[in-house]
Each structure stands twice: as structure tokens, then as C-alpha cells.
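Q: Supplied in C-alpha cells, the structure appears directly below.
The values are calculated or read from the model by the stated rules, or taken from the named source; none is laboratory data. Fair warning: this is a prediction, and the values are worked out from it, not measured in the lab. Cβ sites come from the backbone with ideal geometry, for glycine too, and all protein chains shown count toward neighbours. We work out accessible area using only protein heavy atoms, side chains counted, and drop any ligands, DNA or RNA first. Shrake-Rupley method; radii C 1.70, N 1.55, O 1.52, S 1.80 Å.
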Amino acid sequence: MQRIAVALLLFTFAARADDARIEALLRQMTLEEKLGQLSQYVPDQPEMKPALEKGLVGSVLGAVDAKRVNELQRAALAGSRLKIPLLPGHDVIHGHRTIFPIPLAIASSWDVDAAELSARIAAREARASGIRWTFAPMVDIARDPRWGRIAEGAGEDPHLGSAMAAAYVRGFQGEGLLACAKHFAAYGGAEGGRDYARADMSEATLREVYLPPFQAAVDAGVASLMSAFNTVGNVPATANAHLMRDILRGEWGFKGFVVSDWAAVAELMNHGIAATKKEAATKALAAGVDMAMTDATFMELDTSPLVDEAVRRVLRAKFAAGVFDDPFADESRVLPLARAEARRIAQRSIVLLKNEGSLLPLAKSKKIAVTGPLAASKANMLGPWASEGKPEETVSVIEGLRAAGANIVPEEEAEIIVAVVGETREQSGEAASRASIELPPFEVRKPTVMVVLSGRPLAMAWAAERVPAIVQAWFLGTEGGNAIADVLFGDVNPSGKLPVTFPRVTGQVPVYHAQLPTGRPANPESKWTSKYLDVAIEPLFPFGHGLSYTTFAYANLKVDGLTVSADVRNSGKREGDEVVQLYVRDVVASVSRPVKELKGFRRVALRPGETKRVTFTLTPRDLAFWTEKGWVTEPGKFQVWVGTLMSELEVTSPPAADRR
């Protein structure tokens with residue numbers, strides 16, 4: 001306790017000293033020098049060199065090795081009259097040199113410690129390369145898998161997404177790398193799943209679904225946020241004062257800085273709310289953007305107290321990143337790849353979707369043919385946004401199986417087929433929206449294990465009918481092939497659960513677990529109900545689904561006030577991890593509430609026959625919802641599910657919901 005108090009005292013003194021230095025710099029800076037601090041460039045941008053020579057660059061994006069970063073830093077300091085260093089940033093999304101599973105895959109582990117560890121390792125590697133700021137985590141909720149950037153987030157649920165957002169912030173910033181929660185806000189609600197498109201939603205949906213992970217990141221101390229490309233309520237996010245002034249700074253008390261997305265300030269002209277770059281810059285600054293990424297629009301601004309306000313925030317971030325006192329990277333420092341950690345996290349990220357007849361795990365003595373367009377691919381295993389990951393250092397599926405001792409034979413000699421299919425890395429990520437997410441069918445002639453590499457849920461109803469075993473592997477990174485082999489051969493018991501719903505066909509999306517009820521629930525025996533004529537209303541694989549090589553049983557569900565507990569037993573013959581999930585439904589409220597909302601989860605490791613009691617404590621915040629009066633929690637009955645069990649709790653006189 002004394003050590004914590006001393007640390008807080010030292011931090012307070014350091015912050016005060018930094019504030020004094022910031023004010024001293026501000027008093028000396030010209031308007032042009034201030035605007036330079038609010039401008040970010042990429043190294044090959046034509047405007048970069050002359051701006052650098054005049055000391056008019058606040059941040060550089062995309063320099064990824066220590067030597068290059070140091071060169072730019074020296075040039076910046078030489079050109080800066082006041083010797084203000086650069087803030088070097090880069091997209092370190094799911095690893096830097098060691099590539100971990102994509103964030104959607106790590107969300108499938110439901111393991112916040114794994115998420116935090118991946119960010120810590122990525123931060124160490126990035127810092128060794130001279131990078132001080134990452135444009136991660138992406139915390140956008142996504143309920144339409146046609147949107148390619150679903151790969152970069154935690155899926156469809158705000159509770160899981162919030163837990164992952166906070167974990168990534170702790171991981172990055174715990175190793176001295178400034179984090180940036182993006183894209184603020186509702187970017188994942190893109191109309192039609194089209195990247196950069198509008199997001200049209202109610203204030204309640206914005207508050208209850210899309211904003212919670214951002215608030216979790218802010219509560220975790222995130223240093224920066226990135227404004228989104230899309231409009232929210234017909235106002236582009238980059239000029240949206242309601243988002244950035246009212247909510248982010250006013251309600252949540254955010255003290256960090258906001259950077260626009262790539263050229264998003266200039267794109268306010270394309271949105272039709274500004275006629276010139278100067279007008280666009282003025283509107284973005286007024287709304288709460290502090291730094292313009294790549295478009296140099298902020299160099300057009302006039303003197304304003306808002307300029308000083310933004311410069312203070314940027315300089316404060318530079319002090320927090322340590323570039324004033326230690327601007328250069330050690331060019332001799334080389335970190336080994338964190339292969340063991342990457343493999344372990346990849347193992348936990350794999351989801352066993354189907355295992356008919358217990359085809360898995362495979363015996364290594366079986367004759368196995370490895371087929372499919374992605375079986376030998378190393379680059380695709382890295383997924384999108386792979387930073388400095390190298391394909392030649394990555395383990396493909398066939399390499400992983402061979403290293404594990406698989407008896408690989410030609411297809412005509414095989415007893416079992418391992419078919420590695422899915423999508424390429426270019427088919428996921430930014431600017432990779434797809435009108436159809438159908439997985440192309442193939443002929444199934446022998447017992448087949450289908451391993452799916454992808455950055456989104458794919459529609460694969462045909463496979464669910466014909467293929468006995470399906471493994472959703474996502475893009476697993478550097479050690480992906482080894483992790484897949486570990487699971488296929490049973491050296492590791494799969495424990496992943498889906499963080500996003502899998503549709504039967506593309507036309508079924510958006511489909512997600514927390515939908516609002518309808519006045520005419522689906523009834524296959526009645527035409528006049530909410531359903532499709534040509535496909536079942538239920539998803540192919542629901543949110544939270546994931547099989548194991550053992551089985552789990554739930555018993556003794558108890559509700560005591562806002563405390564919910566249940567016994568979980570490993571009823572099978574193998575050790576395994578179960579992800580225990582808590583769901584709640586507000587049965588009758590003043591507004592329609594979702595049929596199920598995730599409100600808690602725990603990973604529990606169990607030996608065969610072992611039982612553990614898992615306890616969750618709900619809070620008024622968990623039961624709150626948004627109305628025209630703000631956040632409210634109403635008395636009434638709530639249904640509660642833990643695993644396969646359901647009970648009820650009654651809230652008679654709830655205290656006010658604190659959602660800030």
C-alpha cells in the first residue's frame with residue numbers, strides 16, 4: 001500500500017512538472033508551430049520533408065524500424081526551434097514482430113489475460129522498433145460480418161468487447177506504448193456492411209451497444225482515441241461534437257487526445273458539410289479532434305483557444321510516451337519472437353464448431369491427406385494488419401501437422417482428409433467488405449475435418465450438413481499451424497467460444513444474440529410471423545458456441561439478490577476449460593429489451609469429475625438501459641441464464657444506474 005502511495009505521489013509530481021514545461025513551450029510557440037504539432041504525416045508524403053525541416057510535424061505514421069525512426073527524430077529535433085520531438089505511431093494491431101491471432105480470434109478465447117499478454121508483447125517489440133503509439137485496440141462492435149474490419153475487433157457483444165478493450169489498453173500502456181481506441185464511434189454499424197458507409201441508429205443503440213467498449217477503454221486510462229470515417233446521426237464522426245465534446249470529454253471525463261482517421265478531416269468535404277479544407281479543419285477542431293492524420297488540414301487553422309487546448313493534449317501525450325526525455329531507440333536491441341506465448345494464445349482462440357462421431361481428436365497413426373487452398377499458406381495465416389510479421393517465420397497448417405508427427409499421405413491413400421479452406425488475408429480487414437460471405441463448397445468423399453481460416457464468420461450451411469468435423473481457426477498468426485495441430489491431435493483440448501454469430505446464408509445477416517423481441521416471434525407453423533420462407537430463422541452457430549473433447553454439466557443455479565451462482569462439473573474423461581456465460585433478460589420494461597444480454601463470463605479449468613462453483617455479482621449498471629431520461633434501472637423480474645440453466649431474479653427497488 002505504501003509503495004502504491006509513493007508511486008502515485010511521484011506520478012503527480014511528474015505530471016505537474018510536465019504541465020509546467022508544456023505551458024512554457026506554448027508561450028514560446030508561433031501559430032504555425034502549434035499547428036505543426038497537430039499534424040501527422042507518413043514518411044513518403046510530399047509535405048513531410050519540408051514540414052520536418054521547419055519543425056512542423058507533430059507525429060509520423062508508418063516508420064517501423066529503430067534506425068528509420070531515429071533518422072526522422074533527429075531531423076525533427078534539428079528542424080524544431082523549440083526541440084520538440086516526434087510522436088512515432090504505427091498500426092500494431094495483433095502483434096508487431098510476433099504476430100498473434102487476429103483480435104476476433106483472441107475474443108474467441110474469452111481470455112482477457114491472453115489479450116493483455118498479446119498486447120504487452122506487441123508493445124515491447126514496437127518500443128524496440130522506436131514506435132511510441134499504436135492505433136489499437138479497435139473496439140468497434142460489429143454485427144454484420146460482411147464488414148471486413150470485423151476481424152479487428154471482439155465481435156458482436158458490448159460486454160465481451162468492453163472486457164477485451166480494457167485488457168488491450170492495460171497491455172499496451174503497461175509497456176509504455178500509448179494506445180488508441182478506435183474508431184469513435186459506431187464504425188462497426190456500417191450500413192450494408194460497406195466500409196466507410198453511414199451508421200444509422202438510435203441514441204439507445206449507440207449508448208447500449210457501440211459506446212460501452214470505448215468507455216471501458218477510457219476507464220482503463222487509454223491515451224488517445226481515433227475518430228471514425230462514418231456519419232452518426234447524419235453528422236460525420238470527425239465533426240461530431242455530441243460524440244467528442246458531450247459524451248467523451250463531458251460525460252466520461254476523457255483527458256487524452258483525439259486523432260482523426262486517415263484524411264478523415266479533408267473527407268468532411270466529401271460528406272458535404274465543408275466546402276474547403278479550412279472549413280473542414282475548423283469543424284473538426286471545434287468538435288474535439290486534436291490531430292489530423294495525413295491531410296495537413298490543420299495547418300489551415302486560425303489562432304484559437306481550441307488550438308492551444310489541442311496542443312496541450314498532444315504535448316502531454318508526448319511527455320507520457322517519454323519522447324521528450326528519451327527520443328531515440330536502441331538500434332542494437334533485437335527481441336526474439338515470442339513463439340511460446342503466440343502458440344498458447346492461438347490454441348485458446350480455436351473454436352470447435354462440430355465434431356460428429358467424435359472424429360476429433362485424430363490419432364497420429366491415421367493416414368491423413370491435407371488439402372485445400374490454404375493448407376500450405378504462411379502469409380494468409382498472418383491475417384490482415386500483420387505489422388512486421390514475416391511469412392517465412394510463420395507456421396502453415398501442413399507444417400504444423402508434419403512437425404507434430406502426422407502421417408501425411410496422398411489423398412487417394414488417406415483415411416481422413418484435413419481440408420484447409422476459408423478466405424485470404426486480403427479478403428478481410430479494411431476496405432474488404434463482401435456482398436457474399438458464402439464458403440465455396442467442395443466434394444466430401446471421405447471422413448473430413450474442415451479447418452477454416454478467416455477474418456469473419458462465413459456462411460457454411462452446406463458444410464454443417466456434410467462435413468463431420470469443423471474447426472474455426474480464424475487467422476492465428478506466427479504459430480498458427482502448430483496450434484491447429486495441437487488441437488487436431490488432442491494435445492490441447494479446444495476451449496474457444498464464438499464471439500460472433502455464424503449465419504446460415506449471407507441474406508440472414510445481421511443476426512446476433514441480443515436482438516430485440518418482435519411482436520410476432522418466429523413460428524414455422526404460422527406464415528404471419530417473423531421469419532424467412534427459404535431458410536430457418538436460427539443461426540447456423542450461435543454466439544457463445546464452442547465444443548470440447550470433454551463435456552460439462554451445470555447444476556444448482558442460485559439467485560441471491562444480485563448474486564448468481566452455479567456448479568460446473570467436468571462430466572467427461574479429459575481435462576478441459578469451460579467458458580461459463582451469464583445472460584440476463586429484462587422481462588417487462590418501459591422499452592423493449594433484448595431477448596438475451598451477456599453480463600458475465602469466466603474461464604474455468606476442470607479435471608475429469610471436478611466441480612467448481614462459479615459466482616457472478618450483477619450491479620445496477622448491468623441492468624440499466626438508455627431512455628430519453630438517460631440511464632435508468634427499473635424494478636421488475638429478470639430472467640437469468642448460466643450455461644443451460646435458467647432462473648429469475650426480482651429487483652424491487654434498484655439504486656440509480658451509474659453509467660457516467
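Q: Taking the Cβ of K278 as the center, what net charge do the other residues with Cβ under 9 Å away carry, scoring Lys and Arg +1 and Asp and Glu -1?
A: -2
Q: Expected output is a single nm value to one decimal: the length gained when fully extending between A605 and D200, i.e. 0.36 nm times separation in residues minus the C-alpha distance. What is it?
A: Numbers: separation 405, 0.36 × 405 = 145.80 nm, distance 4.18 nm.
Extra length from A605 to D200 when fully extended: 141.6 nm.
Q: Next up: Just the accessible area per residue of the chain, please: how many Å² with a 1.4 Å probe? Display every interim value, and only then the final one.
A: Values: 25650 Å² over 660 residues.
That works out to 39 Å² per residue.
Q: Which percent of the accessible area of the range 396-474 is formed by carbon and sulfur heavy atoms (probe 1.4 angstrom)?
A: Values: 1460 of 2990 Å².
Of all accessible area on the range 396-474, carbon and sulfur atoms account for 49 percent.
Q: In the range 588-646, carbon and sulfur make up what percent of the accessible area (probe 1.4 Å)? Before the final figure, lay out each step's value.
A: On the way: 1540 of 2970 Å².
Taking all protein chains in place, the range 588-646 shows 52 percent carbon and sulfur surface.
Q: Contour minus end-to-end for T619 and A263, with contour as 0.36 nm per residue of separation and end-to-end as the Cα-Cα distance? Please list the in-between numbers first.
A: On the way: separation 356, 0.36 × 356 = 128.16 nm, distance 4.13 nm.
Length gained between T619 and A263: 124.0 nm.
Q: Tell me what the chain gives for mean residue ellipticity at 222 nm when only DSSP H runs of n ≥ 4 count, each as -39,500 (n - 2.57), the sum divided by the residue total, rounded to 500 deg cm²/dmol. Walk me through the intermediate numbers first.
A: On the way: 16 runs with 172 residues, N = 660.
Per the formula, -8000 deg cm²/dmol.
Q: Now, a different point. To the nearest 10 degrees, how steeply does helix 158-174 sit against the main Cα axis of the chain, on a 0 to 90 scale?
A: Approximately 50 degrees, to the nearest ten.
Q: Which value in nm describes the separation of the simple spin-label points at V409 and E443, placed 7 Å from the Cα toward the beta carbon?
A: 2.0
Q: How would you rank 122-129, 449-456, 478-485, highest first, on the average number of other Cβ atoms within 10 Å across their residues? Don't skip to the answer; put the middle values down first.
A: Values: 122-129: 23.8, 449-456: 26.4, 478-485: 28.5.
My ranking of the peptides, most packed first, is 478-485, 449-456, 122-129.
Q: Could you compute the FRET efficiency for S436 and T518, with r as their C-beta to C-beta distance and R0 at 30 Å, rounded to 0.05?
A: 0.70
Q: Please compute the net charge surrounding V604, taking Lys and Arg as +1 and Asp and Glu as -1 over other residues with Cβ under 12 Å from its Cβ.
A: On the way: positive: R569, R602, R603, R607, K612, R613; negative: D111, D567, E575, D577, E578, E610.
Every neighbour counted, the sum reads 0.
Q: Based on the mean of other beta carbon atoms within 10 Å per residue, what is the order of 234-246, 331-343, most packed first?
A: Working: 234-246: 21.7, 331-343: 15.0.
Order by mean packing, descending: 234-246, 331-343.
Q: On a 0 to 90 degree scale, rounded to 10, what angle separates helix 277-287 from the longest Cα axis of the chain?
A: Tilt of helix 277-287: around 70 degrees.
Q: Restricting to the chain, compute how many DSSP beta bridges are antiparallel as a %, nearest 5.
A: Numbers: 47 of 84 bridges.
So the antiparallel bridges amount to about 55 percent of the total.
Q: Let me ask something else about it. Among the listed pairs K527/K599; K49/K255; K67/K318; K182/K596, which have their C-alpha atoms separated by more than 29 angstrom in this model?
A: Numbers: K527/K599 34 Å; K49/K255 31 Å; K67/K318 20 Å; K182/K596 26 Å.
K527/K599; K49/K255, as the Cα separations exceed 29 Å there.
Q: Contour minus end-to-end for S526 and K367, with contour as 0.36 nm per residue of separation and end-to-end as the Cα-Cα distance?
A: Values: separation 159, 0.36 × 159 = 57.24 nm, distance 4.96 nm.
Residue separation times 0.36 nm, minus the Cα-Cα distance, leaves 52.3 nm.
Q: Calculate, for N556 and A286, the FRET efficiency according to 1/(1 + (r/R0)^6) with r their C-beta to C-beta distance and R0 56 Å; round to the nearest 0.05. List each step's numbers first, then the result.
A: Working: r = 57 Å, r/R0 = 1.02.
Once rounded, the FRET efficiency stands at 0.45.
Q: Among DSSP bridges having both ends in the range 168-288, what percentage is antiparallel? Round to the nearest 5.
A: On the way: 2 of 10 bridges.
Within the range 168-288, antiparallel bridges account for around 20 percent of the total.
Q: Give me the one-decimal nm value for the distance between modelled label points at D325 and E393, 7 Å along each residue's Cα-to-Cβ direction.
A: So the label points at D325 and E393 sit 3.0 nm apart.
Q: Can you give the FRET efficiency to the nearest 0.05 for V588 and I273, using r as the Cβ-Cβ distance and R₀ = 45 Å?
A: Details: r = 42 Å, r/R0 = 0.93.
E(calc), rounded to 0.05, equals 0.60.
Q: Please report Rg (one decimal) and Dmax (integer) in Å for the Cα set of the chain.
A: 25.5, 79
Q: What order, most packed first, do the peptides 47-53, 522-528 have when packing is the mean number of other Cβ atoms within 10 Å of each residue? Intermediate results must be reported in sequence, preceding the final value.
A: Values: 47-53: 16.7, 522-528: 9.1.
Packing proxy ranking, top to bottom: 47-53, 522-528.
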